[in-house]
Structure formats: C-alpha cells, structure tokens
Amino acid sequence: MKALLLENIHPIAVEILEGRGFEVELRSGSLSEDELREALPGISLLGIRSNTTITADVLKTAPDLLAVGCFCIGTNQVDLVAAADQGIAVFNAPYSNTRSVVELVIGEIIALARRLPEKTARMHEGVWDKSAKGSHEIRGRTLGIVGYGNIGTQLSNLAEALGLRVIFFDTADRLAHGNARRISTLDELLAQADIVSLHVDGRPGNAGFFGADQFARMKPRSLFINAARGMVVDDRSLRDHIVSGHIAGAALDVFPVEPKRQGDEFESVLRGLDNVILTPHVGGSTQEAQEEIGYFVAGKLAGFTLHGSTALSVNLPAVQAPELGSGSRVGYLHVNVPGVLAAVNQLLADHGANVEGQYLATRGEQGYVVTDVAEALPDAALADLQGSQHTIWLRTWRA
Ligand SMILES: NC(=O)c1ccc[n+]([C@@H]2O[C@H](COP(=O)([O-])OP(=O)(O)OC[C@H]3O[C@@H](n4cnc5c(N)ncnc54)[C@H](O)[C@@H]3O)[C@@H](O)[C@H]2O)c1
C-alpha cells in the first residue's frame, strides 16, 4: 500500500509507516485541489497538515484512499462528513502538544513574576535598571488553574514540583493530581490565586466567559495567563485592569482574532503594555510536539489499515480493535440501521464460525462492527454482506 505525506511531516512518521510495510512518497509543500486529484489515485493513506484542503470533490477522485492523517491538532481542513460517507477514516493528534503548552506557561509564570518582559525591553533600549522592586519568587505562591483537562492537569504536576500551591476549578468532575485542591466555584478560585491560568476548551458557552467581572475578582497585583482560546477572554477588560495596576502582568498566546497569514499585522489592544508577554499562538509549536504528532498519527493510520482499529478517529465510529494475534478479522462499516448486527452474526452462525471477539460502535448514521473468528470465512460467504445496501465497506485481515 502507498502513503503520500505532504507538508514536511516529521520523519518519524515515514519510519513508522515504512516499518509497517507501506511505500511512502514525500512532498514538502501542500497540494492544490487539481494536484490532489492527480496524485491521489493509487494512494491508500494521505498525510497532511493544516495547509492542504480536502474537499468532498477531491475525495470523490480518490478511489483507493482509506484514511487521511491530519498531522496537527485541527481537522477543519478536511470535509469530515464527506470522508465518513465514503468510509475514509480521518485521524489527528489532539493531545501531542500538551507538554509544550505546559512548559511555555511555566516559563511565563516565572518571567512575569520577575517582570522580565519590561526588564529585557529596557536593556534593549540601553537602560540599566537594576532593582528588585515588583520581582518575586514563585515558590509558595498560589496557582489557580481554570480547566483541569489534559493541559491543566499536567501544568498542575509541574507547578507543584516548582513549589507552587495549586488550586483548580473545572465544570466537570476531575480528580485532583498530587496535592492540588479542587475549588467549587470560579469566584473562590479568583479570590485565592496569585496567578490565574486558563485551560478551558473551546465550547461555544465559553465565549467571553472571562471578562471585567472576573478580572475585578482577581487578587490585586495577580498574574493572568491565557494559552487556551482567544475567544474566552475579553482583552479590552484585561487591558483596563493592567493599566490600572490591578493585574501585575499577563501572558497571552491566543487572541479573539488572529492573523491568517505569516507576516500579517497583529492587531490587539494588548500591544505596548508593560509586563505583558504576547506570543503568536505557539504554545504547542515545538519540534518535540511535531515528533509526537508524527508518531501518534502514523500509528493511528497503520492501526486502521493493518488491523481495522478506528480508535480516536474524528469521523468514523470508534472501535479500539487490538492487534490480531491469531485467526482472522472481519471489519464491517455500515449504515446504522436496526438488524445489521443480527445479519452479521447469522452469517457467522451459518458458517459455523467460532467468534473469539466482537467490538461494535455507532456514530451518527454509521455503525462499525469488528469480529474476530478462529478460521477465515471464505470470500463467497461474505459476498451477501458485501452486497448489502447498508454496506459502506467490508474488509478482512489475517494474523
Ligand atoms: N496555545 C496553544 O498552542 C494550544 C495548544 C493546545 C491546546 N490549546 C488549548 O488549550 C485548551 C485546553 O486543552 P486540553 O487539551 O487540556 O483540553 P481538555 O478538553 O482536555 O480540557 C479542558 C477542560 O476544561 C474544562 N472546562 C470547559 N469549560 C470550562 C469552564 N467554563 N470552566 C471551567 N472548566 C471548564 C473541561 O471540563 C475540561 O476538563 C483548549 O482550549 C485547547 O484548544 C492551546
């Protein structure tokens, strides 16, 4: 099987796919729709990053395509519904840059507590301003984490190792890591924290949830960090509270409106303020995260094609099918209508097949059932199922 990897995907992905028997073709840039139409026939796996757009039309001209790997976090560049309709699995790497974000936030906490942004700016202006005024150690300070998911919990662990006292608020029930303490309301957290760091997700209800009222409730001279989503914070209120001195410093990596292209002007009310770190949405952008993404997505693509696992696919029903140790496997992606599982099992019973494992998941209008049997069923036995009007695809694997 052939894999086509575009946009300088990390070499570890090539290593993994070649190691699993794929022939890998590499291209450094993205491809246009026309170029994709020409390149995709004969390709089983396509790897892209954020600059390649996969439309429904492109997918129609890719008869051999089994899966698309988005070697990045987002999947907006792929028409996920059209891919699902054709039974093409799409994978991404939603959590591979967690550590990178956490390390940036830890660095920012220390930099803000020592007022490094203004100190380094003065030095570049040629001003020697040696003073301890407003500079603090972070040891013993209270870090308030809002949103205790993948990033929030990892930040919690690293922050404690540095001697911070960690409290957190999450709308869901989350287990406290280490000595961190759950706080039952956001207002209580804001009243206690010396540093507030946002790590909530981008659900629509979170738009503008941190504004004038929340900044006013933060402790005087506290620090504020947002490396989550730009739309959750009212930057104008943040500016007001920094200018008034109520907030002693802030670090922002995400913004309500971000420039679309490299080199475009960045417009924000937060520009030009002392002790404010502004970074261009690079929290997750490190070489290590790229490698982790390459490893993760290539593994998912290989797992899907070589043993039918759709675990963590963003568009097909997710079945975590283990590697096949012995016997044979039938994977059946179908339209989710009543009676399909019964039909599969009847077929197996008719052929005296000894079922060793069966996994089923549904997602919207599709169902996926993976059945492991001791002896492979003859192709003729599977023909009826293959010919059913509910079939999207039927594939078999042998150990
Ligand atoms: N800056 C970057 O480059 C970068 C990189 C990766 C992720 N992110 C962003 O970081 C954020 C966190 O990522 P994650 O992987 O930890 O997500 P996650 O889904 O694992 O965790 C989010 C947590 O926030 C909680 N939550 C949601 N709304 C809340 C609210 N209003 N109040 C309190 N808790 C709330 C959820 O219950 C969940 O526990 C996301 O917004 C993600 O897009 C940014």
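Would you calculate, for the chain, the mean residue ellipticity at 222 nm contributed by helices, counting each DSSP H stretch of 4 or more residues as -39,500 (n - 2.57) and dividing by all residues, to the nearest 500? Intermediate results must be reported in sequence, preceding the final value.
On the way: 13 runs with 126 residues, N = 399.
When only DSSP H runs of four or more count, the value is -9000 deg cm²/dmol.
Sorting D201, D34 by accessible area (1.4 Å probe), largest first, what list results? Each step should come with its number before you reach the end.
Working: D201 70, D34 105 Å².
Output order, biggest surface exposure first: D34, D201.
Suppose every Lys and Arg Cβ carries +1 and every Asp and Glu Cβ carries -1, with no other charges. What dipole size does region 39-127 come out with about its Cα centre, to the nearest 20 debye? Write out the running numbers ahead of the final one.
Details: 7 positive and 8 negative charges, 97 e Å.
Using Cβ point charges on Lys, Arg, Asp and Glu, region 39-127 gives about 460 debye.
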* Enter the Cα centre distance for the pair region 1-77 and region 154-196, rounded to the nearest angstrom. => 41 Å
* Structure fact -> Which of K133, K60, K119 fluctuates most in a GNM of the chain (C-alpha springs under 10 Å)? That residue is K133
* **Those lysines that a straight Cα-Cα span of less than 17 Å connects to K119, excepting residues fewer than 8 apart in one chain** => K130, K133
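Leaving out ligands, DNA and RNA, and with a 1.4 Å probe, what % of the accessible surface on the chain is carbon or sulfur? Write down the numbers at each step before the final one.
Numbers: 9420 of 19370 Å².
Carbon-and-sulfur percentage of accessible area, whole number: 49.
Where only protein heavy atoms count, and the probe is 1.4 Å, what is the accessible area per residue for the chain in Å²?
Working: 19370 Å² over 399 residues.
Per-residue value: 49 Å².
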* Which whole number in µm²/s is D for region 240-357 by Stokes-Einstein, with the Kirkwood Rh taken over Cα pairs at 20 °C and 1.002 mPa s? -> 107 µm²/s
* Rounded to whole Hz, the Karplus (6.51, -1.76, 1.60) HN-Hα couplings of region 295-305, x for glycine and proline -> 5, 5, 5, 4, x, 5, 4, 5, x, 6, 6
* To do: Could you order V297, V282 by accessible surface area, starting with the largest, using a probe radius of 1.4 Å?
  => V282, V297
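Please work out the FRET efficiency for the pair T185 and Q287, using the Cβ-Cβ distance as r and a Förster radius of 41 Å; give the result to the nearest 0.05. Don't skip to the end; give the middle numbers.
Numbers: r = 40 Å, r/R0 = 0.97.
Efficiency, rounded to the nearest 0.05: 0.55.
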* With the chain treated as a Gaussian network of Cα nodes joined by springs under 10 Å, which of A172, A13, A93 yields the largest mean-square fluctuation? -> A172
* Asked: Taking a probe of 1.4 angstrom, what is the accessible area of S326 in Å², to the nearest 10?
  -> 70 Å²
* **In order through region 68-83: 3J(HN,Hα) via Karplus (6.51 cos²θ - 1.76 cosθ + 1.60), integer Hz, x for Gly, Pro** => 10, x, 8, 7, 6, 8, x, 10, 4, 6, 10, 6, 5, 5, 4, 4
* Looking at N226, I9, V81, which one has the Cα that reaches farthest to the positive end of the dipole of the chain (charges on Cβ: Lys, Arg +1; Asp, Glu -1)? -> N226
* May I ask for the distance between the Cα centers of region 86-145 and region 282-323, given as a whole number of Å? => 29 Å
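What is the extension gain from S50 to D264, computed as 0.36 nm multiplied by their sequence separation minus the C-alpha to C-alpha distance, in nm to one decimal? List each step's numbers first, then the result.
Numbers: separation 214, 0.36 × 214 = 77.04 nm, distance 1.76 nm.
Once the chain is fully extended between S50 and D264, it gains 75.3 nm.
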* **Exposure rank, largest accessible area first [M218, M231, M123; 1.4 Å]** => M123, M231, M218
* Asked: Under a point spin-label approximation (7 Å from Cα along Cα-to-Cβ), what is the H177-D64 distance to one decimal in nm?
  -> 4.4 nm
* To do: Restrict the search to region 105-148; then list the GluC sites (Glu not before Pro) that DSSP places in a loop and that have at most 14 other Cβ atoms within 10 Å of their Cβ.
  => E125, E137
* Asked: If all Cα-Cα distances of the chain are sorted into 10 Å bins from 0 onward, what percent lands in each bin, rounded to whole numbers?
  -> 4, 19, 24, 20, 17, 10, 4, 1, 0
* Asked: When only Cα pairs under 8 Å and 6 or more residues apart are kept, what is the percent relative contact order across region 218-338?
  -> 18 percent
* **Residue-by-residue Karplus 3J(HN,Hα) for region 311-325, coefficients 6.51, -1.76, 1.60, Hz, glycine and proline x** => 3, 6, 5, 8, 9, 10, x, 8, 10, 8, 8, x, 4, 7, x
* **Percentage of interatomic Cα-Cα distances in region 81-120 larger than 10 Å** => 77 percent
* Toward the positive end of the charge dipole of region 188-316, about the Cα centre and with charges on Cβ (Lys, Arg +1; Asp, Glu -1), which of V314, P259, A302 goes farthest? -> V314
* Structure fact -> To the nearest 20 debye, the chain has a Cα-centred charge dipole, built from +1 on Lys and Arg Cβ and -1 on Asp and Glu Cβ, of 1500 debye
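The values are calculated or read from the model by the stated rules, or taken from the named source; none is laboratory data. Every value quoted in this text rests on a predicted model; they were computed, and no experiment measured them. Note that we place each Cβ from the backbone using ideal geometry, even for glycine, and neighbour counts take in every protein chain shown. Remember, those area values only see protein heavy atoms, side chains included, never the ligands or the DNA or RNA. Shrake-Rupley method; radii C 1.70, N 1.55, O 1.52, S 1.80 Å.
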